[in-house]
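Since every read-out is calculated from the coordinates, none of them should be taken as a lab result. Just so we're clear, the structure is a prediction, and the values are computed from it rather than from any experiment. No Cβ is skipped: glycine too gets one built from the backbone with ideal geometry, and neighbour counts run over all protein chains shown.
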Amino acid sequence: FPVAPEAENERKTLQLVESYLQNFYDLQKDHHPHLRTTGENPLAEKLKEMQEFFGLEVTGKPDLDTLEIMKKPRCGVPDVGQ
Amino acid sequence: YVFTTGNPKWKRNHLTYRILNYTPKMRQADVEKAIQKALSVWSNVTPLRFEKVDNKEADIMISFAYRDHYDNSPFDGPNGQLAHAFQPGEGIGGDVHLDEEEAWSKDGRGYNLFIVVAHELGHSLGLSHSNDPGALMYPTYSYTDPKEFLLPQDDIDGIQAIYGQSSAAVQPTGPVTPQACDPNLTFDAIATLRGEIIFFKGRYMLRKHPARAETELNFISLFWPKLPSGIQAAYENVENDEVLLFKEDKYWVLRGYDIAPGYPKPIYRLGFPKTVKRVNAAYNDETTGKTYFFIADRYWRYDENKKSMDHGYPRKIVSDFGKIGRVDAVFQKDGYVYFFHRTTQFQYDPRAKQIVRQMKSISWFNC
């Protein structure tokens, strides 16, 4: 079935957020997405770290301001870690 | 500023660099000039010296690379990641890689090579990303006219903390990023723009939207790359949906959000005498259609309908506006005129012809 536009957007947004946090905030690739983990959501935690770095409101959610920064052209060196 | 983890640094102040290849998008001479200028950004403020070598291994190897270039950090095509560099060290240490698929340029089009290389060299020398939005080491790209570029104070402090100060008799200093709630904050110019208030300061603009609590800080060049920094006066002509911006003896017109073609024009077209070299502040009175220009201790009045200066001007500011002194910036909102001089702000009622309130310059920022 064709994917609903909203679902497609959501998938693209998640992909953008994940790759941004993997590239620049040391988010580990989730090799077992089918296993439901308990406790902290690493993606939300890394998102908070990125929002704090850029002086955005720390929501842990990919809000508009956060996505706007993620789409900006930038340096490939990570913002945190090695 | 942030040091790279482990505080890596070069043990020598005399470093070599080599340009391994060139992009077909720029003349070779322009590439070399951009890289030389980028290196001088750091050598101007430290004891570091850079020597160009051609046929041997250099400390800093600079190259344009395409997608996967075997350093575990593949490039991603146009936009996105523009370049990366490696911390000080042997081998790949210090090297700068530039994404060949970017639209490299020597001006405001595409991505300015000088700005990107200067940033990457910060990594080559041991700096990490700074969270100061005005710093060169801030991770996202922002254009500044290379002719106007000054290394910000945050970056100077960082690199000098690693390599020490410059040997120059007078230590170079750089622009500091304005903080909206800094009680000492003063403004170069202020204008309303379609319901928002734009505060100009150096190469920055602080943007206050009535519906948003926070204040947004941007480079002027982010919206208007052709505008210079250091705007000295600005006003909105609400009727024409225009904003006029002044610097020295020139002015630009924004129509909507775009700079109108054919500008800048000399301010003398508005009727100023040649003795006037710059405008300090300006506002347009929506009710009367008159625009007031403040210069030193005098002001002129311009009739927007007749498109000419009214007769009988200039007049002394003190004779008609009371003790507001010199004017750095001014704007009108909801019938009141707000005059700014240094860190003081006066709310003036043009109907009663008197100052009704005195505030701090940062009163608009919900501090």
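Details
- Burial ordering of B:Asp157, B:Asp95, B:Asp258, fewest other beta-carbon atoms within 10 Å first: B:Asp258, B:Asp157, B:Asp95
- Net charge dipole, chain B: roughly 1740 debye, given to the nearest 20, about the Cα centre with Cβ charges of +1 for Lys and Arg and -1 for Asp and Glu.
- Residue-by-residue Karplus 3J(HN,Hα) for segment B:40-52, coefficients 6.51, -1.76, 1.60, Hz, glycine and proline x: 5, 3, 8, 6, 5, 10, 9, x, 5, 10, 10, 10, 7
- Among residues other than B:Ile60 with Cβ under 9 Å from its Cβ, the summed charge is -1 (Lys and Arg +1, Asp and Glu -1).
- Amide proton proximity set for B:Gly174, modelled H, under 5 Å, gap of 5+: B:Gln153
- For the residues of A:65-75, the average number of beta carbons from a partner chain within 10 Å of their own beta carbon is 5.
- Rh by Kirkwood over Cα pairs, then Stokes-Einstein D for segment B:24-73 at 0.692 mPa s and 37 °C, µm²/s: 250 µm²/s
- Near the amide H of B:Gln87, within less than 5 Å, lie the amide hydrogens of B:Gly94, all on another chain or at least 5 residues away, with H placed in the peptide plane.
- When B:Lys33, B:Lys201, A:Lys12 are arranged by Cβ crowding within 10 Å, least crowded first, meaning fewest neighbours, the order is A:Lys12, B:Lys33, B:Lys201.
- 3J(HN,Hα) couplings calculated from phi for segment B:158-174 with the Karplus curve 6.51 cos²θ - 1.76 cosθ + 1.60 (θ = phi - 60°) are, in sequence order, x, 5, 6, 5, 8, 10, x, 7, 6, 7, 5, 4, 9, 5, x, 10, x Hz; Gly and Pro show x.
- Built amide H within the under 5 Å cut-off of B:Tyr251, gap 5+: B:Lys265, B:Ile267
- Calculated FRET efficiency for the pair B:Arg194/B:Glu90, C-beta based, R₀ 51 Å, to 0.05: 0.35
- Think of segment B:233-303 as a dipole: +1 on every Lys or Arg Cβ, -1 on every Asp or Glu Cβ, centred on the Cα centre; then among B:Tyr257, B:Ile295, B:Ala281, B:Ile295 lies furthest on the positive end.
- Listed by chain and number, the lysines whose C-alpha is less than 17 Å from the C-alpha of B:Lys208, apart from same-chain residues fewer than 8 away, are B:Lys333, B:Lys360.
- Highest-first packing order for the peptide set B:266-272, B:330-336 is B:330-336, B:266-272, based on the mean count of other beta carbon atoms within 10 Å.
- Centroid-to-centroid separation of segment B:144-176 and segment B:181-224 [C-alpha atoms, Å]: 25 Å
- Once the gyration tensor of the Cα atoms in the protein assembly as shown is diagonalised, the equivalent ellipsoid follows with semi-axes of 45, 28, 20 Å, ordered largest first.
- Put simply, when A:52-58, B:129-135 are sorted by average Cβ atoms within 10 angstrom per residue, most first, you get B:129-135, A:52-58.
- Note on A:Lys72 and A:Ala44: the extension gain reaches 8.1 nm, defined as 0.36 nm multiplied by sequence separation minus the Cα-Cα distance.
- Look at B:Ser124, B:Ser105 and count the other Cβ atoms within 10 Å of each Cβ; fewest to most, that gives B:Ser105, B:Ser124.
- Local net charge near B:Glu304, Cβ-Cβ under 9 Å (Lys/Arg +1, Asp/Glu -1): +1
- Of all aspartates and glutamates in the structure, those lying under 19 Å Cα to Cα from A:Lys46, and not within fewer than 8 positions of it along the same chain, are A:Glu10, A:Glu18, A:Asp26, A:Asp30, A:Glu57, A:Asp63, A:Asp65, A:Glu68, A:Asp79.
- Charge tally around B:Thr215: other residues with Cβ under 14 Å, Lys/Arg +1 each, Asp/Glu -1 each, net -2.
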